[in-house]
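I have placed the structure first, in the form of structure tokens, so that the comments after it can refer back to it.
The values are calculated or read from the model by the stated rules, or taken from the named source; none is laboratory data. For clarity, every value in this text was computed on a predicted model and none was experimentally measured. Every residue, glycine as well, gets a Cβ built from its backbone with ideal geometry; the counts of neighbours run over all protein chains shown. Accessible surface areas use protein heavy atoms only, side chains included; no ligands, DNA or RNA. Shrake-Rupley method; radii C 1.70, N 1.55, O 1.52, S 1.80 Å.
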Amino acid sequence: MPKLKTKKAAAKRFSKTASGNLKRNKAFKSHILTKKTTKRKRNLRKAAMTDSTNVKNMKKILPYL
């Protein structure tokens with residue numbers, strides 16, 4: 001069986017935690033920030049875990065993570 005290729009776009013955006021979960025950064029923090037509240041922007045800074053419904057697909061496109 002041939003080697004599996006990692007999707008590089010996904011590899012740059014996701015990292016694996018010690019417990020095996022996938023960590024990601026939140027979206028909507030790049031532009032049009034004037035209408036967003038300070039509290040909302042502050043909460044967007046924090047990393048989040050990938051939802052359990054997406055984990056199966058993520059493991060497929062990141063085979064060696």
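Would you list Met58, Met1, Met49 from the most to the least accessible area, probe 1.4 Å?
Met1, Met49, Met58
Calculate, in nm to one decimal, what Lys29 and Arg42 gain on full extension: separation in residues at 0.36 nm each, minus their alpha carbon distance.
My answer for the length gained is 3.7 nm.
Accessible area, 1.4 Å probe, largest first: how do Ile61, Ile32 sort?
Ile32, Ile61
List the pairs from Lys5/Lys59; Lys5/Lys26; Lys16/Lys41; Lys16/Lys46 whose alpha-carbon separation is above 18 Å, in the order I gave them.
In this structure, Lys5/Lys26; Lys16/Lys41 lie more than 18 Å apart at Cα.
Around Ser15, which amide H atoms from residues at least 5 apart in sequence, or from another chain, sit under 5 Å from its own amide H, with H modelled in the peptide plane?
Close amide H contacts, sequence-distant or interchain: Lys23.
Hand me the trypsin sites (Lys or Arg not before Pro) from segment 19-65 located in a DSSP loop with no more than 11 other Cβ atoms within 10 Å, in residue order please.
For trypsin sites (Lys or Arg not before Pro) across segment 19-65 that sit outside H, G, I, E and B with at most 11 neighbouring Cβ atoms in 10 Å, the list reads Lys26, Lys35, Lys46.
Remind me, relative contact order of the chain in percent, using alpha carbon pairs under 8 angstrom and six or more residues apart?
42 percent
What list of ³J(HN,Hα) couplings, whole Hz, do you get for segment 41-54 from phi and the Karplus terms 6.51, -1.76, 1.60, once you set θ to phi - 60° and write x for glycine and proline?
Per residue, the Karplus-derived 3J(HN,Hα) values read 5, 5, 6, 6, 5, 6, 6, 10, 8, 5, 5, 4, 6, 9 Hz.
With n ≥ 4 as the cut-off for DSSP H runs, can you work out [θ] at 222 nm for the chain, using -39500 (n - 2.57) per run divided by the number of residues, rounded to the nearest 500?
Roughly -8000 deg cm²/dmol at 222 nm, from the helical runs in the chain.
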